[in-house]
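**Student:** Pasting a structure below so you can have a look.
The values are calculated or read from the model by the stated rules, or taken from the named source; none is laboratory data. Bear in mind that the values here come from a model prediction, so they are computed numbers and not experimental data. Every residue, glycine as well, gets a Cβ built from its backbone with ideal geometry; the counts of neighbours run over all protein chains shown.
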Amino acid sequence: MTSETSGLARRLLAAMAPLIFAGVAAAHAPAPAVVPAADGKSSSASAAAPASKGRKQAEDATLALIDGAARLASAAPGQRGRLLAEVLELARTRRDGLAGIIESEPEAVLRVALPVEARAALPAEATPFLEQEADEEGDIEVLHVDFPDSLDYYQYHLLTARGRLSLNYASNAPVLLTGTRVRVHGVRVGDALALADGATTTAATTAAMPNTLGAQRTLAILVNWSDAPTQPFSVAQAQSVIFSTTSNYDYEASYQQTWLTGDVAGWFTIAATSTTCDYWSIASQAKQKAAAAGYALSNYSRFVYVFPSNACGWWGMGTVGGSPSEAWIHTRYGFVLQVVGHEMGHNLGLYHSHSLDCGSAALAASGCAAAEYGDYFDLMGNGGNTPHYNAFQKERLGWLNAGVSPPITTVTPQAGTRTFTIAPTERARDASPRALKIARSDACTASKDWFYVEARQPVGFDAFVASNPNVLTGVLLHKVTEGNPDSSYLLDLTPATSAWTDPALPAGQSFTDATLGLTITPVSVGSSGATINVTYAGGSCARAAPAVTLTPTGTRWSSAGAGVGYTVTVTNKDGCGCASSAFDVRASAPTGWSATSARTATVAPGASTSTSIVVTSPAAAATGFYTFPLAASNASAPTSSTSASTTIALATASSIALRVATDKSTYVLPAKRNTTMNALITTTVTSSGSGVPGVLATVRVTDARGSVTTLTGTTGATGSVVVSYPMRAKTSPTGTYSVTSSATVGTTAVSSGASFAVQ
Ligand SMILES: [Zn+2]
């Protein structure tokens, strides 16, 4: 806390939330989707993550700020100075908290980002502490950081004319190459942006990957530390690892089309110690030293920084694409092809090669767990060997299925059985196909999956499969989603065994995918390749869950009792064999809320339709952030259903009001003994001007002698309740009586007073 904090603000803040939101320590360690288990298989972490502590604190800080601003707006002049200081401290603390979690939980920042109206209601002095809606343009930098323990992550920056911004994607980061010109729209806190789905647009459509063929001009720079100027390997060793081993790997895997040329510079001792880890500084100092030593940096399109052990926890890091591309090799974890070839794979534009574990099945509609590095038969996975990149990755590089590269045979749905042959992956370039690319979905389905089938033999860098009878006599299957470069999933075609070292589908066995009634059967597999039968059932209706989008997106700001409207767009993703369908749209709003439901028009497979629904919170709902799903299900096949999450923020507790009034201002006691008369006391509770029913009002009447009577009642449909206060002749004192009525709506306590005279 800063020293100028007032005592009151200090107490208020202490009550509100810890000063720094949770999550700061976890920045850069995204929640892993998959927890590797001891047997080499993997298990999935819970899909529905509970609200994190950091998110809850961001919500509380946001509501506290809005509440503080409302109190300031209605404060008496004498209190304004103190309340303004409080509001500014709330704004400052919230800003620091958001800055602390924006990298680890950008979704929480987007969730609480204040809408324009809320920002306008804050005092102008708070503006410097508020997040901003930002539109920025620049070149994106995509870095991948590889950890030995799978805590890997991608890091995104935008290089703009005004500086370098970190880009933090709440979900679905765009799959782009370093150097791509992009525009982003998001919420900015300091030099960091939080970005939602679809927040990044590129100027140009994605072209074929550049710079993946021919000689790759590479400068490897060896650097060490001012406190530990060790040289754990020689320049000759570096030459060998990079310009022999890694270059030979590229040459073989690319079918003799890609190799590395260039130089090794260094050793250089840079102004950094072994107890730090600043990759940006390592890169810039390495380049400065090399330039000073006479290397013309413009001669190279790839830089590789190689250094001995320091405080970095990762074994390597690489830009995904980029010209020049950059790779960092932390040799504490080895100066070997497994690291250099992997990072330079990122440099070429590759993402990781994953595995997908669906338990007792090779593939299932749900319940599958992905392992980030789980493909042990691809250098972009992590099996400890030196495998070729898989056929999908090679196709992305243009090393297959482009130019003079060996082809891939595309198999589209066609009823009946067809037979195809492929040559082994490793064989030198010729015109034989090296993989089958088999359609898993038909032309009606917007998002297309493919199965890639390839055959490995113990040749060259794949020599290690010599000891693997499963791979030698079977074919590898990968599942890939069209248009998504980060979607390579190795499947386990021997799900009965727990190992990932035997994923191949053995010759003579079949894999059937229900979606299109597709069956893949390797008939024979050997040193000359594989013969594979592919069968589509044909004529069947392959149901698929629809796609759902909500408009508007993001947190919807509202007040208790108000309705919030959504336009729900549903895309029918059924296969072409299915008849048109309508979709039922429903909200699973919180208990006590109400929501309309709707059925869409009937649309053909592949087509989209929209409808709208309204979700209404109860007038007595507490302030807070409410998250719930909206689901669309196929009216013809209700289990084909997809839900989208939405959040409504109720932030207007200050609009809750209570009025109390008596039916007369003066009561005259009856003359006759033992006669009772009543004062009728009406309490009305409103939210944004509308009556709030169902609220318990507590009415305390203090008579002219100071005796207190407490009466209670619950408000009715109009938000009002009448209680009767009895007075008796000769018994009740004359004089002034006071009335206080109080109630709590959600978390907001409100009260008001009145008085009457008795004669
Ligand atoms: Zn990696």
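**Student:** Which of (1) among the hydroxyl-bearing types (Ser, Thr, Tyr); (2) modelled with pLDDT under 95; (3) farther than 23 Å from Leu177 by Cα does Thr386 not meet, given it meets every other one?
**Tutor:** Only one criterion in (1) among the hydroxyl-bearing types (Ser, Thr, Tyr); (2) modelled with pLDDT under 95; (3) farther than 23 Å from Leu177 by Cα is unmet by Thr386, namely (2).
**Student:** Among Ser441, Ser498, Ser488, which is closer than 17 Å to Tyr376 by Cα and buried (at least 19 other Cβ atoms within 10 Å of the Cβ)?
**Tutor:** Of Ser441, Ser498, Ser488, the one residue that is closer than 17 Å to Tyr376 by Cα and buried (at least 19 other Cβ atoms within 10 Å of the Cβ) is Ser488.
**Student:** Additional query: Taking Glu141 as the residue in question, decide whether it is within 16 Å of the ligand (Cβ to nearest atom), charged (D, E, K, R) and within 20 Å of Arg183 (Cα to Cα).
**Tutor:** yes
**Student:** Another question, then. Within region 595-615, does at least one residue satisfy the condition of being among the β-branched types (Val, Ile, Thr), outside any loop (DSSP other than H, G, I, E, B), closer than 30 Å to Val739 by Cα and more than 30 Å from the chain's Cα centre (by Cα)? If you could, list the steps in order and put the result at the bottom.
**Tutor:** As a first pass, look at region 595-615 and keep what is among the β-branched types (Val, Ile, Thr): 596, 600, 602-603, 609, 611, 613-615.
Within this subset, residues satisfying the condition of being outside any loop (DSSP other than H, G, I, E, B) are 603, 609, 611, 613-615.
Next, only the ones that are closer than 30 Å to Val739 by Cα stay: none.
Taking every residue of region 595-615 in turn, none turns out to be among the β-branched types (Val, Ile, Thr), outside any loop (DSSP other than H, G, I, E, B), closer than 30 Å to Val739 by Cα and more than 30 Å from the chain's Cα centre (by Cα).
**Student:** What is the number of the single condition among (1) surrounded by 21 or more Cβ atoms within 10 Å (Cβ to Cβ); (2) assigned to a strand (DSSP E or B) that Leu122 does not meet?
**Tutor:** (2)
**Student:** So, of the residues in region 299-315 that are part of a loop (DSSP other than H, G, I, E, B) and either without any contact (Cβ under 8 Å) to a residue 60 or more places away in the chain or under 15 Å from Pro229 (Cα atoms) (or both), which turns out to be nearest to the ligand (Cβ to nearest atom)?
**Tutor:** The extreme case among them is Cys312.
**Student:** Of everything in region 220-255 that's of a type in the set (S, T, N, Q) and within 18 Å of Ala463 (Cα to Cα), which residue is surrounded by the most Cβ atoms within 10 Å (Cβ to Cβ)? Full working, then the answer.
**Tutor:** In the first step, residues of region 220-255 are kept if they are of a type in the set (S, T, N, Q); the result is 224, 226, 230-231, 234, 237, 239-240, 244-248, 254.
Applying the additional criterion that residues be within 18 Å of Ala463 (Cα to Cα) yields 244-248, 254.
Details: Ser244: 12, Thr245: 17, Thr246: 25, Ser247: 21, Asn248: 15, Ser254: 23.
Once the filter is applied, the top-ranked residue is Thr246.
**Student:** Mind checking which residues of region 183-227 are of a type in the set (Val, Ile, Thr) and touching an Asp or Glu at 6+ places or on another chain (Cβ under 7 Å)?
**Tutor:** Val184, Val187, Val189 - these are the residues of region 183-227 that are of a type in the set (Val, Ile, Thr) and touching an Asp or Glu at 6+ places or on another chain (Cβ under 7 Å).
**Student:** Taking into account only those residues within region 739-759 that are exposed (fewer than 15 other Cβ atoms within 10 Å of the Cβ), among the polar types (S, T, N, Q) and more than 20 Å from Ser559 (Cβ to Cβ), which is nearest to the chain's Cα centre (by Cα)?
**Tutor:** Ser755
**Student:** Does Leu669 count as hydrophobic (A, V, I, L, M, F, W, C) and without any contact (Cβ under 8 Å) to a residue 60 or more places away in the chain?
**Tutor:** No; evaluated as a whole, the condition is false for this residue.
**Student:** Listed residues Asn168, Asn172; which is in contact (Cβ under 8 Å) with a residue 60 or more places away in the chain, within 26 Å of Gly321 (Cα to Cα) and either more than 16 Å from the ligand (Cβ to nearest atom) or among the hydroxyl-bearing types (Ser, Thr, Tyr) (or both)?
**Tutor:** On the way: Asn172 fails: in contact (Cβ under 8 Å) with a residue 60 or more places away in the chain.
Every option except Asn168 fails the conditions.
**Student:** Just for region 316-327: of the residues that are within 16 Å of the ligand (Cβ to nearest atom), in contact with a Ser or Thr (Cβ under 9 Å, 6 or more places away or on another chain) and not β-branched (Val, Ile, Thr), which one is nearest to Gln237 (Cα to Cα)?
**Tutor:** Ranking the qualifying residues of region 316-327, first place goes to Ala327.
**Student:** In region 93-140, what count of residues is obtained for those that are more than 18 Å from Asp67 (Cβ to Cβ), of a type in the set (D, E, K, R) and at pLDDT below 90?
**Tutor:** Selection size over region 93-140: 5.
**Student:** Go through the residues of region 102-115 one by one and say whether even a single one is more than 21 Å from Ala649 (Cα to Cα), charged (D, E, K, R), crowded, with 17+ Cβ neighbours inside 10 Å and under 31 Å from the mean Cα position of the chain (by Cα). Give the steps one after another, and end with the answer.
**Tutor:** First, pick out the residues of region 102-115 that are more than 21 Å from Ala649 (Cα to Cα): 103-104.
Now drop any that are not charged (D, E, K, R), which leaves 103.
Add one more test, that the residue is crowded, with 17+ Cβ neighbours inside 10 Å, and what stays is 103.
Within this subset, residues satisfying the condition of being under 31 Å from the mean Cα position of the chain (by Cα) are 103.
Yes, the conditions are met somewhere in region 102-115.
**Student:** May I ask you to list the residues in region 148-165 that are surrounded by fewer than 20 Cβ atoms within 10 Å (Cβ to Cβ) and either on the phi > 0 side of the Ramachandran plot or within 16 Å of the ligand (Cβ to nearest atom) (or both)?
**Tutor:** Matches in region 148-165: Pro148, Asp149, Ser150, Leu151, Tyr153, Tyr154, Gln155, Gly163.
**Student:** Can you name the condition, by its number, that Leu297 falls short on among (1) crowded, with 18+ Cβ neighbours inside 10 Å; (2) within 25 Å of Leu213 (Cα to Cα)?
**Tutor:** Leu297 satisfies every listed condition except (1).
**Student:** Give just the number: which of (1) assigned to a strand (DSSP E or B); (2) surrounded by fewer than 19 Cβ atoms within 10 Å (Cβ to Cβ); (3) of a type outside the set (Val, Ile, Thr) does Gly262 not satisfy?
**Tutor:** Just one mismatch for Gly262, condition (2).
**Student:** Further question: Regarding Thr178, is this residue within 16 Å of the ligand (Cβ to nearest atom) and in contact with a strand residue (DSSP E or B) (Cβ under 6 Å, 6 or more places away or on another chain)? Spell out how you get there, then give the answer.
**Tutor:** Numbers: within 16 Å of the ligand (Cβ to nearest atom): yes; in contact with a strand residue (DSSP E or B) (Cβ under 6 Å, 6 or more places away or on another chain): yes.
When the stated conditions are applied, Thr178 passes them.
**Student:** From (1) away from the ligand (no atom under 16 Å from the Cβ); (2) out of contact with any Phe, Trp or Tyr (no Cβ under 7 Å at 6 or more places or on another chain); (3) at pLDDT 95 or above, pick out the condition that doesn't hold for Leu356.
**Tutor:** Leu356 satisfies every listed condition except (2).
**Student:** So, in region 703-738, of the ones that are in contact with a Lys or Arg (Cβ under 8 Å, 6 or more places away or on another chain) and of a type in the set (Ser, Thr, Tyr), which residue ends up nearest to Ser559 (Cα to Cα)?
**Tutor:** Looking at residues that are in contact with a Lys or Arg (Cβ under 8 Å, 6 or more places away or on another chain) and of a type in the set (Ser, Thr, Tyr), I get Thr710.
**Student:** If you don't mind, there's one more thing I want to ask. Suppose we filter Leu363, Leu350 for residues that are within 13 Å of the ligand (Cβ to nearest atom), of a type in the set (A, V, I, L, M), in contact with a Leu (Cβ under 9 Å, 6 or more places away or on another chain) and in contact (Cβ under 8 Å) with a residue 24 or more places away in the chain; which single one remains?
**Tutor:** So the residue among Leu363, Leu350 that is within 13 Å of the ligand (Cβ to nearest atom), of a type in the set (A, V, I, L, M), in contact with a Leu (Cβ under 9 Å, 6 or more places away or on another chain) and in contact (Cβ under 8 Å) with a residue 24 or more places away in the chain is Leu350.
**Student:** Additional query: Any residue in region 539-562 that is more than 18 Å from Ala632 (Cα to Cα) and outside any strand (DSSP E or B) sitting within a Cβ distance under 6 Å of a residue that is of a type in the set (S, T, N, Q) and at pLDDT 85 or above? List the pairs, counting only those 6 or more apart or interchain.
**Tutor:** Sorted first by the residue in region 539-562, then by its partner, the pairs are Thr555/Thr647; Ala560/Ser617.
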